[in-house]
Amino acid sequence: MRVAFSAVPDSHLPSVDELLSIAVNALGGSERQGQITMVQAVRQALDDKTHLAVQAGTGTGKSVAYLVPSIRHAMDSEKPVVISTATIALQRQLVDRDLPRLSEALGKELPHEPTFAILKGRRNYLCRYKATAGWPEEDEQDQLFDPREVSATGRMVQRIQEWAEETETGDRDELVPGVSEQAWRQFSVSAQECLGATRCPSGAECFAELARARAGEVDVVVTNHALLAIDAMGDLPVLPEHEVVVVDEAHELVDRVTSVVTGELSDTSVMLAVRRVGRLIEQPIADQLMEAGEDLKALLTAAPPGRIDELPEVLGLTLALVRDTAWRCITALGPRNADKDDPDKAGQRKAAFTALDEVHDTAVRMLEAYGHAAEADRAEVVWLDAGTDRRPPMLRVAPLSVSGMLRDKLFGERTVVLTSATLALGGTFDPLAAQWGLGEGRSWQGIDVGSPFDHPRAGILYVAKHLPQPGRDGLPQAYLDEIAELIEATGGRTLGLFSSMRAAKAATEALRDRLDVPLLCQGDDSTMLLVKQFADDEPTCLFGTLSLWQGVDVPGPSLRLVIIDRVPFPRPDDPLTSARQRHVAAKGGNGFMAVAANHAALLLAQGAGRLLRAQDDKGVIAVLDPRLATARYSGFLLGSLPPFWRTNDPAIPRAALKRLAETASEARDG
């Protein structure tokens, strides 16, 4: 898309073009047209206070492209800019690499060297008071049955205690190797459980408060989508006052916000509330809540998992009982600010109120989800998540859409720039814009700044049109034969992206003895170690599922072939996506295209994006599912992918892969 930009307003600061040139020279790079276009677009959006969505392909240098105008805007407005990411990896890249180098490069041209800080949710920081005081202990049922778990958790707790004596930040991510959630909970509190800096004996040296104070003094605050959602939608601000947000990895925003606002209820959460309230109230009142929890456990254990469209009478009565008995406990606890002068008692009461509020409010929310007879009028969906050996069955409730929340709470009060390598689905920004709540009454623009890669020359998109459609009974033999022939042609060097872990494992078991190259499968070891082994040894192949679709960055000859077994539609029995699809249809829309096809297009584009990670990369994307060539929605899915050269002829990708393998062999021998 061609975009015309207005002149840069007069300012005592250098222009973004000048700052970009300084940054690129300092970082040893070269200016790229896509990066220049993005810098100008972000600068104008910040000047005009309009929302902007930028699709920027791998290799564009989008981090620098949004950081340069963000830093300049922070200097000019004297207010911080918030950068939100979906993954810890990108947060660390920004804080440990990009921002330090940019700050040093731009510092001489700006009023001061740009400052930055990372800010996470309170649960990510060690609580000094909880680590030293008589806080209510977390009690996990698994510990009662598995002595090995107790022993392992005990060792982790000891490590945390030793680390607590020397850490300067209290940031969990700095504790290496990491510890289990079970162990960490002994040393952390949620925002709801926190006594508050003024009431807590350790408030003056609280790691979370110190991190927040640092964030209030810097130009750039790096955070995550979950904390961004909590800040935007909560009653109390978590982030420092700001006017601008840059959402990187914006294709993840809706899922992360949905996770934040999803409620959960199980007998475990009820029993935790019973333990927390303990001896703070009369025993008969606490016993009533315990009995309600036991009723809930019996009901959920016997009920089939899945979406609950109509509220069964027995479930309605049980939820009402949980709601009412939790409220009696809350009432019996008395004023929330009682015992404020006794930190130990105040901490116990705060922990009890937090657990009871969660149980009560979630039960209320689930009952209210059934207050509308018409499907189109419903706002939330309730479902039963089946338990495992380590976790009991759990009721969940989630909104059918978060667009209204985002429209009012995020986009309504600040300027937002959203960016990712994958935002335009079917060639348009409209599908994701609708999920974000951008539309009528909101001024926004979407631009695609392209990619530095020459996709038609660097890659082939091969769709195996001759194969049968995928079924529900695992991988057909024809698919396994196709995978084997493609891998043999390229001599390994393959990333296999499968729609389920079952399919990935089945393919691994069927092909390990058949192929002469090493074959790794997700789950054999930590994903990070598997990806490193895959990258370090050219003939090695790696098969896996969802996290590999978006989390693998392997430039060079170790990756020449990406195999996708099927179009990654959500499971038909997935409670949330199926409910959203039906809700869109009830309101007169196309539920399949708005939900399932968008989901598949986004994942396909992310998966295809694994192939080209550096300028010299070449290879093949092989999609085994013939529906990508034959179905009525294939044009939409293909329009979401980079413009690779396309073919349905199996001989063409095999020949290309053989040539690449021969070239690599000659380069090594030469």
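The values are calculated or read from the model by the stated rules, or taken from the named source; none is laboratory data. It should be emphasised that the depicted structure is a prediction, and the values quoted were computed from it without experimental measurement. Quick reminder, even Gly has a Cβ in these numbers, built from the backbone with ideal geometry, and neighbours come from all protein chains shown. These area figures cover heavy atoms from the full protein model, side chains too; ligands, DNA and RNA do not enter into them. Shrake-Rupley method; radii C 1.70, N 1.55, O 1.52, S 1.80 Å.
I'd like the full set of residues that are under 24 Å from R391 (Cα atoms) and open to solvent by 10 Å² or more (accessible area, probe 1.4 Å), limited to the stretch 173-186.
Start the filter on the stretch 173-186 by keeping residues that are under 24 Å from R391 (Cα atoms), which leaves 178-186.
Listed by number, the residues that qualify are G178, V179, S180, E181, Q182, R185, Q186.
So D625 clears everything in (1) part of a loop (DSSP other than H, G, I, E, B); (2) within 25 Å of L253 (Cα to Cα); (3) of a type outside the set (K, R); (4) modelled with pLDDT of 95 or more except one condition, right? Which one?
(2)
Hey, T415 hits all of (1) touching an Asp or Glu at 6+ places or on another chain (Cβ under 7 Å); (2) closer than 19 Å to V254 by Cβ; (3) of a type in the set (V, I, T) but one; which does it fall short on?
Failed condition: (2).
Restricting attention to the stretch 327-356, which residues are closer than 23 Å to M394 by Cα and either modelled with pLDDT under 95 or not in a helix (DSSP H, G or I) (or both)?
The answer is A351, A352, F353, T354, A355.
Go through (1) at pLDDT below 95; (2) under 22 Å from the mean Cα position of the chain (by Cα); (3) hydroxyl-bearing (S, T, Y) and name the single condition S558 misses.
Status for S558: all satisfied but (2).
From the list R378, R365, which one is at pLDDT 95 or above, farther than 24 Å from R185 by Cα and among the basic types (K, R)? Explain how you work it out, then say what you get.
Details: R378 fails: at pLDDT 95 or above.
Among R378, R365, only R365 is at pLDDT 95 or above, farther than 24 Å from R185 by Cα and among the basic types (K, R).
Within the stretch 71-111, count every residue that is free of Cβ contacts under 8 Å to residues at least 24 places away in the same chain and in a strand (DSSP E or B).
0
With the checklist (1) surrounded by 13 or more Cβ atoms within 10 Å (Cβ to Cβ); (2) assigned to a loop (DSSP other than H, G, I, E, B); (3) at pLDDT below 85 in hand, flag the one item D139 doesn't pass.
So D139 meets the others, but not (1).
Pull up the stretch 241-268, narrow it to residues that are touching a strand residue (DSSP E or B) at 6+ places or on another chain (Cβ under 8 Å) and small (G, A, S), then point me to the one that is nearest to A215 (Cα to Cα).
A250
When you go through I88, I36, I83 one by one, which is the residue that is open to solvent by less than 50 Å² (accessible area, probe 1.4 Å) and touching a strand residue (DSSP E or B) at 6+ places or on another chain (Cβ under 9 Å)?
On the way: I88 fails: open to solvent by less than 50 Å² (accessible area, probe 1.4 Å); I36 fails: touching a strand residue (DSSP E or B) at 6+ places or on another chain (Cβ under 9 Å).
Matching residue, one of I88, I36, I83: I83.
Out of the helices (runs of 4 or more DSSP H) lying entirely within the stretch 543-619, which hold 2 or more residues that are open to solvent by less than 10 Å² (accessible area, probe 1.4 Å) and either without any contact (Cβ under 8 Å) to a residue 60 or more places away in the chain or out of contact with any Phe, Trp or Tyr (no Cβ under 7 Å at 6 or more places or on another chain) (or both)? Quick ask: steps written out before the conclusion?
Numbers: elements: 546-551, 575-586, 598-608.
Correct list: 546-551, 598-608.
Among the residues of the stretch 445-454, are any in contact with a Pro (Cβ under 9 Å, 6 or more places away or on another chain) and on the phi < 0 side of the Ramachandran plot?
Taking the stretch 445-454 as the starting set, the residues that turn out to be in contact with a Pro (Cβ under 9 Å, 6 or more places away or on another chain) are 451, 453.
Remaining after also requiring on the phi < 0 side of the Ramachandran plot: 451, 453.
Yes.
Scan A208, A215, A191 and give me the residue that is at pLDDT 90 or above, under 25 Å from the mean Cα position of the chain (by Cα) and either farther than 30 Å from N25 by Cα or of a type outside the set (A, V, I, L, M, F, W, C) (or both).
Exactly one of A208, A215, A191 is at pLDDT 90 or above, under 25 Å from the mean Cα position of the chain (by Cα) and either farther than 30 Å from N25 by Cα or of a type outside the set (A, V, I, L, M, F, W, C) (or both), namely A208.
Those residues that are within 24 Å of the chain's Cα centre (by Cα) and either free of Cβ contacts under 8 Å to residues at least 60 places away in the same chain or not in a helix (DSSP H, G or I) (or both), I need them from the stretch 503-517; list them, please.
Initially, the stretch 503-517 is screened for residues within 24 Å of the chain's Cα centre (by Cα), giving 503-504.
A504, the sole residue that qualifies.
Looking at (1) closer than 27 Å to G439 by Cα; (2) surrounded by fewer than 24 Cβ atoms within 10 Å (Cβ to Cβ); (3) modelled with pLDDT of 95 or more, can you tell me which one P100 breaks?
Single failed check for P100: (1).
Is it fair to say A629 is aliphatic (A, V, I, L, M), more than 25 Å from the chain's Cα centre (by Cα) and within 21 Å of E485 (Cβ to Cβ)?
Working: aliphatic (A, V, I, L, M): yes; more than 25 Å from the chain's Cα centre (by Cα): yes; within 21 Å of E485 (Cβ to Cβ): yes.
Here the answer is yes, as A629 does meet what is asked.
Return the only residue of D248, D295, D324, D287 being open to solvent by 40 Å² or more (accessible area, probe 1.4 Å), at pLDDT 95 or above and either small (G, A, S) or more than 30 Å from R378 (Cβ to Cβ) (or both).
On the way: D248 fails: open to solvent by 40 Å² or more (accessible area, probe 1.4 Å); D295 fails: either small (G, A, S) or more than 30 Å from R378 (Cβ to Cβ) (or both); D324 fails: either small (G, A, S) or more than 30 Å from R378 (Cβ to Cβ) (or both).
Of the residues listed, the single one that is open to solvent by 40 Å² or more (accessible area, probe 1.4 Å), at pLDDT 95 or above and either small (G, A, S) or more than 30 Å from R378 (Cβ to Cβ) (or both) is D287.
Could you tell me which residue of the stretch 254-282 is nearest to D408 (Cα to Cα), considering only residues that are of a type in the set (G, A, S) and open to solvent by 20 Å² or more (accessible area, probe 1.4 Å)? Break it down into steps so the answer makes sense when it comes.
We begin by selecting, within the stretch 254-282, every residue of a type in the set (G, A, S); these are 259, 263, 266, 269, 273, 278.
The next check asks that each one be open to solvent by 20 Å² or more (accessible area, probe 1.4 Å); those that pass are 259, 269, 278.
Values: S259: 18, S269: 31, G278: 40 Å.
Looking at the filtered set, the residue picked out is S259.
Check the stretch 648-661 and report whether any residue there is surrounded by fewer than 16 Cβ atoms within 10 Å (Cβ to Cβ), assigned to a helix (DSSP H, G or I) and not aliphatic (A, V, I, L, M).
Yes, that holds for at least one residue.
Would you confirm whether or not the stretch 585-592 contains a residue that is modelled with pLDDT of 95 or more, among the hydrophobic types (A, V, I, L, M, F, W, C) and within 20 Å of T545 (Cα to Cα)?
no
Go through the stretch 39-53 and count every residue that is surrounded by 24 or more Cβ atoms within 10 Å (Cβ to Cβ) and touching an Asp or Glu at 6+ places or on another chain (Cβ under 8 Å).
Looking only at that region, the number is 1.
Quick one: which residue in D454, D473, D430 is under 14 Å from Q55 (Cα atoms) and without any contact (Cβ under 8 Å) to a residue 60 or more places away in the chain? Working first, answer last.
Numbers: D454 fails: under 14 Å from Q55 (Cα atoms); D473 fails: under 14 Å from Q55 (Cα atoms).
Step by step, each of D454, D473, D430 is checked, and only D430 is under 14 Å from Q55 (Cα atoms) and without any contact (Cβ under 8 Å) to a residue 60 or more places away in the chain.
Of the residues in the stretch 352-383, how many are more than 27 Å from G589 (Cβ to Cβ) and buried (at least 20 other Cβ atoms within 10 Å of the Cβ)?
9
Do we find that E310 is out of contact with any strand residue (DSSP E or B) (no Cβ under 7 Å at 6 or more places or on another chain) and assigned to a loop (DSSP other than H, G, I, E, B) in this structure?
For E310, the condition - out of contact with any strand residue (DSSP E or B) (no Cβ under 7 Å at 6 or more places or on another chain) and assigned to a loop (DSSP other than H, G, I, E, B) - is met.
Read through the list (1) surrounded by fewer than 18 Cβ atoms within 10 Å (Cβ to Cβ); (2) assigned to a helix (DSSP H, G or I), then give the number of the only condition that G412 fails.
(2)
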